[in-house]
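In what follows, a structure is listed as structure tokens, so that the remarks can point back to it.
Taken together, the values in this text are just the output of simple stated rules run on the coordinates, not laboratory data. Please read all numbers here as calculations on a predicted model, not as lab measurements. No Cβ is skipped: glycine too gets one built from the backbone with ideal geometry, and neighbour counts run over all protein chains shown.
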């Protein structure tokens, strides 16, 4: 057993306890894997949809962590020559989706948007879910207040086209300081492009390219596919502690449920380059890093922003030295979701961590909890 292991376990228990105590939902999973220190730990609390205790293998909605999965698939397809990330999105998607989607400066700029723009959040497209139309409510607010609904990609595109405004024109991604702004619209389009390129539904692409070959046996698309092995009942999705029943919306956006062990298996293989045929593919996916700006409006407050950096479907999170002057926290790579879920790998420490509080009002939780976890693991010596 590594030095200080029992102390670290006790302190991680305290992190879980404090996290749950501060949240109305009283549920959480935190999983840590540090094989270089022969250390593993999982803490879980709460009840599943069927009233069973939440445990390490309990599935939960991974929200925007699926961006990392879909970006990985895009890079795998690009290696095979089945996708071109420099190609206009109009090459892959029907006019019913692309027509007038990005109008800026009095003209339609949609044809200028490439797959790279989508992967790097440099398209300027409005966020279909979080952005506000002039004088109206965001779709997020409407769904949370009025209830569940199924939306086609044409309906999502229509909402972006007719009710929202782009934030900036498609950027020169080769320039020194292209603007980036987080937008779920980008990755809704990425999913559609994957389906167009493969002529398969997205859940089948995931199963063939990721879940089956890499034994991710308890990962599935809600109401679209089944896990490769039996999975237990999932955590209860909540908003400010109250149950949030939106299966139709989750299905509309190809929402994925997974477990902490499955996700950590994925991030380790990804970061070691095992998912790609060429080592330079991972390097391309992780370069260049661009930092999000400070939030300047209501929608941006709910989205990833400063000091998070983004490459192609992947976040890099480094706690500013100002906040950790004595014990710097190494960089973490991965992704988070608006439901307070995360998946990160820290190469400097060979640590993978995943978890969730499964609450749609908890997007900031990962950036509070994960640095605490790494700080404690530094005590392993």
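Helix 184-198 and the longest principal axis of the Cα set of the chain meet at an angle near 80°. Inter-part distance, the range 168-195 to the range 205-223, computed on C-alpha centroids, equals 26 Å. Per-residue ellipticity at 222 nm, computed for the chain from helices alone with -39500 (n - 2.57) per DSSP H run of at least four residues, works out to -9000 deg cm²/dmol.
Starting from the Cα gyration tensor of the range 232-381, take the square roots of the eigenvalues, sort them a ≥ b ≥ c, and report rounded, prolate or oblate (rounded when a/c is under 1.5, otherwise prolate if a/b is larger than b/c, else oblate). It is rounded, given that a/c, with a ≥ b ≥ c, falls under 1.5. Springs join every pair of Cα atoms under 10 Å in this Gaussian network model of the chain, and among 287, 303, 123 the largest mean-square fluctuation is at 287. Against the chain, whose longest principal axis is taken from its Cα atoms, helix 66-79 shows a tilt of about 60°. With coordinates expressed along the principal axes, the C-alpha atoms belonging to the chain extend over 63, 45, 42 Å, beginning with the largest.
Between the Cα long axis of helix 260-271 and the first principal axis of the chain there is an angle of about 70°, rounded to the nearest 10. The label point for residue 7 and the one for residue 378, both projected 7 Å from the Cα toward the Cβ, are 1.4 nm apart. If you take the Cα centroid of the range 1-79 and the Cα centroid of the range 324-381, the two points sit 10 Å apart. Take every pair of alpha-carbon atoms less than 8 Å apart whose residues are at least six positions apart; their mean separation over the length of the range 5-380 yields a relative contact order of 24 percent. Shape class for the range 125-238, computed from the alpha carbon gyration tensor (a ≥ b ≥ c): oblate, with a/c not under 1.5 and a/b at or below b/c. Rounded if a/c is under 1.5, else prolate if a/b is larger than b/c, else oblate: which is the range 188-304, with a ≥ b ≥ c the root eigenvalues of its Cα gyration tensor? It is oblate, given that a/c is not under 1.5 and a/b is not larger than b/c.
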